[in-house]
Structure formats: structure tokens, C-alpha cells
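The numbers here are math on the coordinates, done by the rules we state, and not lab data. Just so you know, these numbers come straight off a predicted model, no measurement behind them. As a convention, Cβ positions derive from the backbone with ideal geometry for all residues, glycine included, and neighbour counts pool all protein chains shown.
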Amino acid sequence: MKKGKRKLYFVLPLLLILFSTSCGQETADIQNEYENSQQENKDFENSPTSTVQDSQSDKEKVDENLQKKPTSGASKKLTEKENVWKPEEHIVTLKNGKVWGELPIIGTEDAVYCNLPENINGYGARTEQKQVLVCPDPLSGITYYVNYGRDYYIYAIKNKIAELVVEIPSKNLYCRDGKLYFMVEDYGEYPLDGLKNGDILCYNPTDGNVSAIITEIGRGTSIPVREIYKEGRGEEIAIPDEIEVSDTYMTVYQEGIYYCRQGELISLGENSYLQPEMKYCYSFENRESKLLEEASPAQYTFRRQGEKLLNRIWEKESNAYSWSLQSLTGGAEEILKPRWNVFYLVEDKAYTVEPDREGSSELIVYDILAKEEVRCPLEVEESAFDCAMFLFKDTMYFTDLYSYSFSEKKGHYAYSDMLAPRQSIGERFVMEYYTDGEQLYAISELDEKIYRLRRQEDSLVLNEVIKNITYDYKFEFLPVGE
């Protein structure tokens, strides 16, 4: 996902959907001095990996082409001087990462998820698809994160110390079997050599090896069905043979990698058309990818409720969408009662917010197993389409630092001296929330950098009144590595 870019996802049975906006991107100041590689990987561009097959022999060939760079094991702290270099001046190639050596196993993995469902099943404040920038590894106790807004590389927190582990700009972090899976993303700042946005890589922390799992996702794609577009006066304009890929994302579960690519806009006459998403599933068992045929009316979302995959279904009778849960091993679909367009799914509960008649909102909790709905009144107006709703320790957090405690059955207002000394209710401060199970992290909307949020319990800040609003507590936005 490129920084400062708003995306819209439309997955429809039709090939082309009218879309009239254009996307822009910004550049960001970056910290941490870069150790430029002296040897580039010349062979990776022509490696035999592909989106349709990744056999064991192919993987071995890719591994042989990796640049074997020794690691010093030195730590790069987030407190280093910022803005000492420009990322666009440095070429990023496939390179090995930090070597941790043998790591003790201190926990167990979930049978389904490769990241916490709180992190992957929600939405961002700007985009429908979250960037998934934080991922705890339950086996080793390490928490990986993308140093978003600074150098966009992957860091790891181990024993409360932040270490640079992979010098590749990335997104979509998932841990499986002690390894880290991630996607390449240049954020519009880095020139890539031998890499493309959307390439799926794997980092092994024991030996530092970084290998390619799936490539070619970010390269140009042919259009499945080519038609002739007719202008208003009947002028015929041919659709091009191939389109560029505008964005990619993935979700990793224990059985495989679900990934998607979205085509660029096609300009035809005075109109622009957004290409439909092409979705795939890579199996860890047979090391092969298959195209998920989006047979109407079901549409894959890559979101799960335990062992079941959540699909979106268009109902002709009601002229609206509904949701269903489909078992991966077959069986009848379970149609969900909620017909919400946007909701947040964690374990057996779905969450959304709806405005009420008095200018406030209701937080709605639907129990999928019990098929029961609970409504919680909020003192502020929230929008399900424009909020990074996030569940952390029995509390639902929103983009404006308002939260609702389920145990207390009440809402709380918070403020932050660092980001907004005199914030107003309803102002958006957070793009996305994440957690490692213990800490709360967020991407600031104001400076577009990732932080660790710490709730200050000092009695001096409690119940402070600003602009006729009583703030119950204060959030400190701290560097992740501190």
C-alpha cells in the first residue's frame, strides 16, 4: 500500500467498473542510516518461481541466487537521527536478514491464524484492506513490525529491544512455523532491483535466510476478457492487452497464503475503469497456487471465523449483499444475519457501528454462534466506513481515541499532548491499530508514523476538561522500540 493513497476495492462479476478518481502519493522523511549493499542479485529477476507453481527444486534455485551477506548483529535503534538519507537514492534488492541463531520455543501457534485476528480482520481508516504491520510470533516471543513512516523495513522486538532484521520495505506480516512471511511494498519511495511490489518472501530468523515464495504478482497482467468500449457517439476504443497492477495484499493461514492483485485504471475516452481483483491461494502442502474462480454470487474476502472462510454474496431478490461462512472442507454455507457492508470480525463476534437519531452512535455486537445481537450506546458519532475499529483487552478503540469498555459498559475520551494538545471530538488521529497481545500500537494520522501507545494513569491528567469535554485518560505516543 502506498503511503497517503486511498484505495477502493470492488469485486463484481462484471469485468469493468466505472471509477473516476485518480490516486496520488506522497513521500515521507525516513530515519535510520542505510548500509547499502555492494553486491546486487542479478539472477532473481529471472528466477523460476511463479504464481502458479513453486516446486521444491524451484525454491532451491531461488535460494542459491540469494546474496549471502554476513550480518554484524548490530542493532539499529529508533532513536537515531532522522532524515539523514533519502530512500529513493538507494536500490533495494533481495538480501538476507539478521541471524538470531537457534531460538527457544516458548509458546504454541494457533491452529488457524498466523497473526492475531484482531490485527487482520479489521479495516483501516483510509482503506478497506489493512496493511498488517505488526505480527507477534508465539513460538519465539518475538514481535515483528514494519517501521512505517520511517524506513519501512522490518524490525523485531525481543527482550524489549528493537532490532533491524530485514532491509526490504514491506507490509502484510505473518508468522508460521517460526518463520516470517511478508510482502514487498516500495511505498512509492524505493527503486526495486530484482523485486516487485507484491512479491511474497519468507525470513528465517535462525539463519537470516530470505527466500522468495511467490513472485510475478506485481508484474503486468493480461485482461481475462477483452471487449470493445464504445464512446457516447459510437466510437470504438480497444481495451489494451495488458494492465499494470496497482496494489497487492495477502493473508496467511496455516494451510496456505491467500493473495490478490488489483489492476490499474484503464482510461478509455473521458472515463476510467478499475479492473477487478484477481485472487489466488497458495498451498503450503503442495507448493502450488491456484486462481480462485469467483463464481457468482460468492466473493472471497480472505477473512476467517475460525475454520470457516467469510464470503460476500450478492442477493438478487433483496438487491443487497449478505455474508456467509463456508467451511474449507466443504459442507453447507451458513448465511449470517448481519447485512452490514463493513464490520470487524474477532473470534465468534462481529462488530460494527451505526448512527442513532440523536447524532450519536451505537456499537453493535453480533454473536455468530448464539445468533444474538447487543447494542451499546456511544456518546459520539462514529462511522463504520471511516474508522479503524479495534478490539484490545475488552475495549473497542476508534480512530478519534474514543473507546468503549465492555466490562465497564461505558465510553472513555482520551487526548494526547504529543499529537494534538487540544483535540476535538470526532477528529481522526489513528489510521490503523495493532497489538502483540500485550501492547497497543497505532499509525498516527497526523505524521503517518507507527507508535506504541501507552495509557497514562497519572491522576493529574484524569478528568481534565477541554472544550467542555471531560477526558478520562491520556495516551502517550512513543517510539515502538523504546
Original post:
For the cross-link pairs Lys393/Lys474; Lys98/Lys449; Lys171/Lys290; Lys171/Lys337, which exceed 26 Å when the distance is taken from alpha carbon to alpha carbon?
Top reply: Lys171/Lys337
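Just list whichever of Lys130/Lys308; Lys86/Lys179; Lys130/Lys316; Lys130/Lys196 have alpha carbons separated by over 23 Å in the model shown.
Details: Lys130/Lys308 20 Å; Lys86/Lys179 30 Å; Lys130/Lys316 29 Å; Lys130/Lys196 20 Å.
Checking Cα-Cα distances, Lys86/Lys179; Lys130/Lys316 exceed 23 Å.
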Original post:
Between Glu89 and Glu358, what is the spin-label point distance in nm, taking each point 7 Å from the Cα along the Cα→C-beta axis?
Top reply: 5.9 nm
